[in-house]
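Worksheet: the structure to be examined is printed underneath.
Here, each number is a calculation from the coordinates, and none is a lab measurement. Computed from a predicted structure; not experimentally measured. Counting neighbours? That spans all protein chains shown, and the Cβs are built from the backbone with ideal geometry, glycine included.
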Amino acid sequence: MPRGLGSRLLTFAAVALAAAAAPAAADWLVTRDGARIETKGPWKVEGRRIVFTAPNGTLSAIAAAEVDLDRSAAETERVRLAAVAPPPPEPEKREPVLRLTEKDLPPVQLTPEGEEAPAAAAPASPLEVVSWERTENPATDGVEIFGTLRNNGPNAVTSPTLLVTLHDEDGGLIATADATVNAGAVPPGRTANFRAAFPGVVDFAEARFDPRGNVYATAPPDSGEEDEEGLPVEEPLAPVGGQEPTDQELYESDEEAPPTA
């Protein structure tokens, strides 16, 4: 074999090995509907189809009519330029205008992990629902709740209000209603009756109550009987028909009682 030919063959073999070791540059095909297909190495037009190698090494083909050759060439060139583009310059480091240390910061009270920070407690209402019962109301296809509020505080509560909420077995809210309280003020230790209507509600698992009112300081009574805690003693209601009156009967009796002379 001539020396020149042997040297050229060795050079060609070295170039081929280097090309095989280097990863093939990725080209791109852009279809007419805008889809992008990455190819391993350049793609080739063969008649009515375009032959290319997929990134996983599989030889594939696509109809030439489905490919935008101009956009494919432009996309391939854009990707190649982006690959060789120099990295963006690092932002210039600037000295901070103001330096703060721990001495400049106010002390912070840390909350242990897994615990919630304590929230400001709202003032508790002296009103409490001491009893309630539900009744069916066929006229509204719903239920009504009758009950009794008691003032457990030392001062009178004026303009009492009561928000009643009904919940299902999972605690989900079903309905809400503002109850009607049959008293404009509840003296200390006294009670008032209420009624809340829920038309269209046929069943619930739990009722929750949120009583509110304006606390008004009053002087202690000058006369009359008092209990051990110094609160005025209420006379018990007479039983109706030999039984204790229900909350609904208490509400209606207080609401319909004629004024005393």
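Computed packing ranks the peptides 183-192, 161-170, 56-65 as 183-192, 161-170, 56-65, most packed first, by mean other Cβ atoms within 10 Å.
Quick one: order Ile50, Ile174 by neighbouring beta-carbon count within 10 Å, fewest to most.
Listing Ile50, Ile174 from fewest to most nearby Cβ atoms yields Ile174, Ile50.
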